[in-house]
Amino acid sequence: MIERLRRIADGLRLVFRIDRSRSTLVFLCLLLTSVAGGAMSLSLKWLVNAAVSHQLSSALWAGAIIAVSQGVIQILSNIQGNLENMLSQEVSAFVDRDVLRMISEVPTLEHLERPDYLDRVSLVLGKGDDIAAATWALTNVVGLILRLAVAMWLLATVQPILALLPLFAIPALLATRRSQHIEEQVEEEIAPAQRLSHHLHNLFLDASPAKEIRIFGADDELSRRSDALWRETTSARFRAGWKSALWSLAGWSVFAAAFAAALAYVGVRATQGHGSAGEVVLVVQLSNQIRGQVASASMTVQNVVKAFLMMDRLSWMADYASERTGRHQTPVATPSRLNDGIHIENVTFRYPGTESDVLRDLSLDIPAGPRLCTSGIAAA
């Protein structure tokens, strides 16, 4: 738990360090929107009560407050959305630069051959906006709690037992978390296949390997392998989507049943003369608000979990770079002269964390004197 809180603090510091003024404005918009939402819910109660008791002036005042609150919410939401989009792009670009810096600072080439490292890179690049989204999500929690508290209080004024309605939304939140866990687990499992599929596709788009593919007639085989990998990843996502949908359906079914029971309860009371039509309208309105707030809370949970995963992956990469850099602080001196040359016999090498050899039974004998150039794909 403490580690999760530290990750949240890291994310908040990162966003504020990138653009402090815009981040502050986003927080102000969120807080003011929460206040306006609470005022609108209270005014709805006043409006219903005034309509039932035929108090024209009170009804007009309540209607005016609702109109103003709605306008404030709409304006602040638009401003907040624009600021969040700009900040998300800035955070994503910053994270991408930081990831590329960590990759380039490692003094060895081992990490570029390790599947676990490359899988994390593929899951991090271009996903920096998840950190920004979690920052807004955490602030949204405050607004959600405030609006839920107001809704529960208003429901209790109709009938105390109705205040328990938001509790039936807990299964929906738990189901959402389970659904997201399923999807995130699948994304990690298919990361190697997806990375290989992208690599095979890029071979056809790069002039140098594309010529060799055509000369050796390997296009059909590589295309078949790429398509098979694409079908594998797509099928895995499709199955995960079905499982997620079933979990969500089960969670929301509980709230839907409670919602229907609450409406039936206040409807029966109204027909028996123990309630008013205004109470029925109030319960319908508040139930819809709670449903929307729970849906928003579900998105909040998803965004926070995504940020946790992002911060964990970035922290793993930073620790990896720090460990490897510290391990190779003193470079090995290059001999000024070779007397006998270079002799290698039956050398086999495999990078840590991998399952295949990059060198196997390599024997090489280079006598002293000749000039030999070994060039890679980048001519280095």
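Measuring from centroid to centroid over Cα atoms, what is the spacing of the stretch 248-268 and the stretch 176-213 in Å?
Each part's Cα centre sits 42 Å from the other's.
Arrange the peptides 250-259, 216-225 so that the one whose residues have, on average, the most other Cβ atoms within 10 Å appears first. Spell out each step's value before the answer.
Details: 250-259: 17.3, 216-225: 11.8.
Order by mean packing, descending: 250-259, 216-225.
What spacing in nm lies between the two simple spin-label points modelled at ARG214 and ALA93, each 7 Å away from Cα in the Cβ direction?
Modelled inter-label distance: 3.7 nm.
Quick one: order MET102, MET152, MET86 by neighbouring beta-carbon count within 10 Å, fewest to most. Please list the in-between numbers first.
Numbers: MET102 20, MET152 17, MET86 14.
Neighbour counts put them in this order, fewest first: MET86, MET152, MET102.
Please list 312-324, 163-175 highest first by mean number of surrounding beta-carbon atoms within 10 Å per residue. Don't skip to the answer; put the middle values down first.
On the way: 312-324: 15.5, 163-175: 17.8.
Going from most to least packed, we get 163-175, 312-324.
Using a Förster distance of 45 angstrom, determine the FRET efficiency expected from the C-beta separation of ALA207 and ILE79, and round it to 0.05. List each step's numbers first, then the result.
Working: r = 47 Å, r/R0 = 1.05.
With R0 = 45 Å, the Cβ-Cβ based efficiency is 0.40.
Starting from the amide H of LEU362, placed 1.01 Å from N in the peptide plane, find each other amide H under 5 Å away whose residue is 5 or more places distant or on another chain.
HN-HN under 5 Å from LEU362: ASN346, VAL347, THR348.
Calculated FRET efficiency, MET86 and GLU221, Cβ-Cβ r, R0 35 Å, to nearest 0.05? The partial results should precede the final answer.
Numbers: r = 46 Å, r/R0 = 1.31.
Taking R0 as 35 Å, the efficiency between MET86 and GLU221 is 0.15.
Contour minus end-to-end for GLU188 and SER296, with contour as 0.36 nm per residue of separation and end-to-end as the Cα-Cα distance? Write out the running numbers ahead of the final one.
On the way: separation 108, 0.36 × 108 = 38.88 nm, distance 2.56 nm.
Here the answer is 36.3 nm.
Less than 14 Å Cβ to Cβ from GLU221, Lys/Arg counted +1 and Asp/Glu -1: what total charge do the surrounding residues give? Each step should come with its number before you reach the end.
Details: positive: ARG214, ARG224, ARG225; negative: GLU212, ASP219, ASP220, ASP227.
Here the charged neighbours net out to -1.
Hey, can you rank 266-273, 78-85 by average C-beta count inside 10 Å, highest first? Present the calculation step by step, with values, prior to reporting the outcome.
Numbers: 266-273: 13.6, 78-85: 15.8.
Sorting 266-273, 78-85 by mean packing, highest first, produces 78-85, 266-273.
Readers should treat all values here as calculations from the given coordinates under stated rules, not as data from a laboratory. Quick caveat, the model's predicted, so the values are computed rather than measured. Ideal geometry is used to build each Cβ from the backbone, glycine not excepted, and the neighbour counts take in all protein chains shown.
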